[in-house]
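No value in this document is a laboratory result; all are computed from the given coordinates. These numbers were taken from a predicted model, which means no experiment stands behind them. With ideal geometry, Cβ positions are generated from the backbone for all residues, glycine too; neighbour counts draw on all protein chains shown.
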Amino acid sequence: MLVSFQQLDDLGVIRIDNPPVNALSQGVREGICDAVKLAQGDGTKAIVVVCEGRTFIAGADINEFGKPMQEPTLPQVNTALESLTKPVIAAIHGTALGGGFELALSCHYRCALTSASVGLPEVTLGLLPGAGGTQRLPRLIGVKAALDMMTTGKKINATEALDLGVLDRVFDGDLTRCAMEYARELITEGARPRQIRDLSIPNDSFDKDSFESYRGQLNKRKRGQEAPQKIVSCVEAAMGMPFKEGLAFERSRFMECVKSEQSAALRHIFFAERQAPRVPGIDKSVTPRVVQRIGIIGAGTMGGGIAMSFANAGIPVTLLDSSEEGLEKGIALIGKNYGVSVSKGKLSEHQAMEREALITGAVDYGKLADVDLVIEAVFESMDVKRQVFSRLDEVCKQGAILATNTSYLDVNEIAASTSRPQDVVGLHFFSPANVMRLLEVVKAESTSDEVVATAMALGKRIGKVPVLAGVCYGFIGNRMLRQYAREAQLCMIEGAEPAQIDSVLMNFGMAMGPLSVGDLAGLDIGYKARQALTEKQKGDPRSYCIADALVELGRLGQKAEAGYYKYDPETRARSTDPVVLDVIREQARKYGVQRRALSDEEILNRHLLALINEGFRILDEGIAQRAGDIDVVYVHGYGFPAYRGGPMFYAGQRGLVNVLKEIERLYEDTGEPYWAPATLLKKLVAEDLTLNDWIGVNG
Ligand code: 3H9
């Protein structure tokens, strides 16, 4: 039974039981309405609302969005609860999120376990709180605090909620018992139903200018997103309209959001993230290995960041470097990074110390004898990697997993340098590794299912989104990036300035433009990698000649204060550099490229279509398990705007027929093999299928 009502002496208990997270499906909403009717009619003096399982209600049922809405709606449920004529107390454990928190706000009193938290994460789904949250929360805690909670979507813990006045009581122990005691206390005191809708927001708490400036900040913080601005409008309405009208205003903005492409995209990412760690081919009987201690080889920026990821999850790490000096530098950088987190208030001194203490330095491979999993993060050279892995093969215990953080190299070849290729896997972290959520788990030919299952489980344990990838040059993310980066170079040599290219992609919503990314990472990295390739492997010289010429001029990017842009040494502000424009023109002359003006539309299309076409190939070859995995890779590893759902979802939104037509046109215009439309894309269009249909067919 999804919802039950029970009378216990003078108290009524509404109990919700809809695993896994008590989402407010239609059945739950109906059940609550029925329970409210019973509660109103019986002889009880107060009503307690509790949930079974691991959490209070985690929100509306996200699966229902995009389908026809069924009554009773959540605002109707909340109005019914709020209108009860005896005190209603929400008893919260786990997380009361979204519609779940809004339901709690419709109760007259709120109590919670100290371990609980509350929040309105709708904005992360391209939505706004649509069941009275935008109207009730500002009445309860004031405009600024309510706006901050709703536009960031961040949860607050029970103590903060108590301080803000969101909760009336917190306790440890048995929640239902404590909540019932609290309810009896309220009855004894003669407490009345306390409806938030009757509270008023002081008129002077936020004026027109404050709203304008808040909107301006949001334009930067939530660039391109519609829901945050609508949240501000709803709160303005809460200040200017009677409650009922405010609710109607909120409802219509909410419905606009539900129907928006942005929300569809963010909901797609929500489910894709949760699906990504699942590997259908692995038998259910396969259990992940126990991982208690990690070894990391290479104390550089990457190795240090990986070490922090594990320490942050409470897992001890042995960080090994080939030199004492390298190790000291690496450990010092980790200390500095934790220091920054403390100074920003993200960690307490104590937490930072605890985490640092979990990382032990070593220069002797013997110290890795007992680790359960070791990750190599050394220089990107097959010779070096092979040496490291044969050494690991000698020192690591049987059953230890040997992982490489390589970005491009062949994991099969690395595995072959050990006597236990079944235990070798790629664990590709993204820089900065302690921040970026993506983890590509690269399955080589011999990698065992048990090792893949362990890597997926471990990735989740350290808060990453693990995505399975097959072996190929660059796996999923970097293989696609190559196509995208090529278009940036070609657009430049054909006539666009770096600033135009970057601003087109920023306006689309990318976290950074491709050329700014190059400057940040350092242009020497790609340069060095190219030096190791043959002319044939390097491909069309027009796709790297400008980058090479800049490096040869010492323009290595931000660290040299000069790359595609020049950088102010004090402020690091970037500006266009005429020297770069000269370099571009010179390279165009050298390769006989006739320069012309490129439209923003052309630049955007070429970059996105290059990603999409390669994405289809990757899917067809089985390098990625599903289109959603590719989207997760691009959103969490490459700054693709989540509100556009990732490149594959975006392709679907544009219509696969249109995408194919545009790629065919580029192929016709250029004759370049990389613009040959991907076979899978052609097949889907020919059979009038969507990417979802294809996944359905191929499991
Ligand atoms: C809303 O409330 C709108 C209202 O303002 C207005 C309405 C009119 N619905 O994350 P997990 C599934 S918008 C459906 O792995 P955890 C999830 O897909 C909503 N399903 O667990 C997964 O399924 P599966 C606002 C949901 O312990 C399973 O539950 N609320 C929902 O790591 C376990 O999830 C939110 O945005 C849902 N609402 O984290 C909260 N939530 O096993 C979204 C979860 O088949 N949820 N599922 O893959 C969360 O943030 C996390 O799930 C939570 C638990 C913190 C609750």
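Ordering Ile57, Ile156, Ile16 by the number of other Cβ atoms within 10 Å of each residue's own Cβ, fewest first, gives Ile156, Ile16, Ile57.
Take every pair of alpha-carbon atoms less than 8 Å apart whose residues are at least six positions apart; their mean separation over the length of the stretch 320-475 yields a relative contact order of 16 percent. May I ask you to list the trypsin sites (Lys or Arg not before Pro) in the stretch 584-651 that are in a DSSP loop and have at most 11 other Cβ atoms within 10 Å of their Cβ? Listed in order of number, the matching sites are Arg596. Considering only beta bridges that DSSP places wholly inside the chain, some 25 percent are antiparallel.
Would you mind classifying the stretch 334-486 by shape? Square roots of the alpha carbon gyration tensor eigenvalues, ordered a ≥ b ≥ c; an a/c under 1.5 is rounded, otherwise it is prolate if a/b is larger than b/c and oblate if not. The shape class here is oblate.
Averaging 1/r over every pair of different alpha carbons in the stretch 584-627 and inverting the result gives a Kirkwood radius of 13.0 Å. Farthest toward the dipole's positive end in the chain, which of Ser106, Ala227, Val290, given Cβ charges of +1 (Lys, Arg) and -1 (Asp, Glu) about the Cα centre? So the residue we want is Ser106.
Structure shown: which of Lys154/Lys208; Lys397/Lys464; Lys45/Lys244; Lys222/Lys559; Lys154/Lys464 lie over 22 Å apart, alpha-carbon to alpha-carbon? Table pairs above 22 Å Cα-Cα are Lys154/Lys208; Lys397/Lys464; Lys45/Lys244; Lys222/Lys559. Counting 0.36 nm for each residue step from Gln6 to Arg223 and taking away their Cα separation leaves a gain of 73.3 nm.
Measuring max minus min along each principal axis, the C-alpha atoms of the stretch 529-568 give extents of 38, 18, 12 Å (largest first).
When you restrict to C-alpha pairs under 8 Å that are six or more residues apart and normalise by the size of the chain, the relative contact order lands at 9 percent. Built from the Cα atoms of the stretch 328-373, the convex hull projects on average onto 3.9 nm², one quarter of its surface area. For the stretch 62-148, a/c is less than 1.5, where a ≥ b ≥ c are the root eigenvalues of the C-alpha gyration tensor. That puts it in the rounded class. Helix 382-395 and the long axis of the chain differ in direction by around 60°, with both axes built from C-alpha atoms. Quick one: helix 227-240 against the long Cα principal axis of the chain, what's the angle to the nearest 10°, folded into 0 to 90? Roughly 30 degrees between the two axes. Distance from the alpha carbon centroid of the stretch 136-155 to that of the stretch 604-638 works out to 37 angstrom. Counting other Cβ atoms within 10 Å as a rough exposure proxy, the listed residues Thr44, Thr670 run Thr670, Thr44 from fewest neighbours to most. Over all Cα atoms in the stretch 220-338, the spread is summed up by Rg and Dmax: 24.1, 69 Å. Beta bridges from DSSP with both residues in the stretch 85-230: antiparallel share about 15 percent, rounded to the nearest 5. Taking the Cα centre of the stretch 338-453 as reference, the dipole from Cβ charges on Lys and Arg (+1) and Asp and Glu (-1) amounts to some 380 debye. About the centre of its Cα atoms, the chain shows a dipole size close to 540 debye [charges on the beta carbon of Lys, Arg (+1) and Asp, Glu (-1) only; nearest 20 debye]. With the charge dipole of the chain set up from +1 on Lys and Arg Cβ and -1 on Asp and Glu Cβ about the Cα centre, the Cα lying farthest toward the positive end among the listed residues Leu458, Pro138, Gln483 is that of Pro138.
When a/c reaches 1.5 or more, the comparison of a/b and b/c decides; with that in mind, is the stretch 27-75 rounded, prolate or oblate per its Cα gyration tensor? Oblate is the answer for the stretch 27-75, as a/c is 1.5 or above yet b/c matches or exceeds a/b.
With the gyration tensor restricted to C-alpha atoms of the chain, the semi-axes of the equivalent ellipsoid amount to 48, 31, 25 Å, longest first. Loop-resident chymotrypsin sites (Phe, Trp or Tyr not before Pro) (DSSP state other than H, G, I, E or B) in the stretch 310-412 with no more than 13 further Cβ atoms inside 10 Å of their Cβ: Phe379. Calculated [222 nm] ellipticity per residue, helices only, for the chain: -15500 deg cm²/dmol; basis is -39500 (n - 2.57) per DSSP H run with n ≥ 4, divided by all residues, nearest 500. Under the convention that each Lys and Arg Cβ holds +1 and each Asp and Glu Cβ holds -1, the size of the dipole of the stretch 415-485 around its Cα centre is about 300 debye. The mean sequence distance of close C-alpha pairs (under 8 Å, at least 6 residues apart), as a share of the length of the stretch 598-699, puts its relative contact order at 28 percent. Lys460 sits among other residues whose Cβ lies under 13 Å from its own Cβ, and their net charge, with Lys and Arg +1 and Asp and Glu -1, is +4. Cross-link partners of Lys661 among lysines, defined as those whose alpha carbon lies under 16 angstrom from its own and excluding same-chain residues fewer than eight positions apart: Lys682, Lys683. Think of the chain as a dipole: +1 on every Lys or Arg Cβ, -1 on every Asp or Glu Cβ, centred on the Cα centre; then among Gly12, Ala307, Ala352, Gly12 lies furthest on the positive end.
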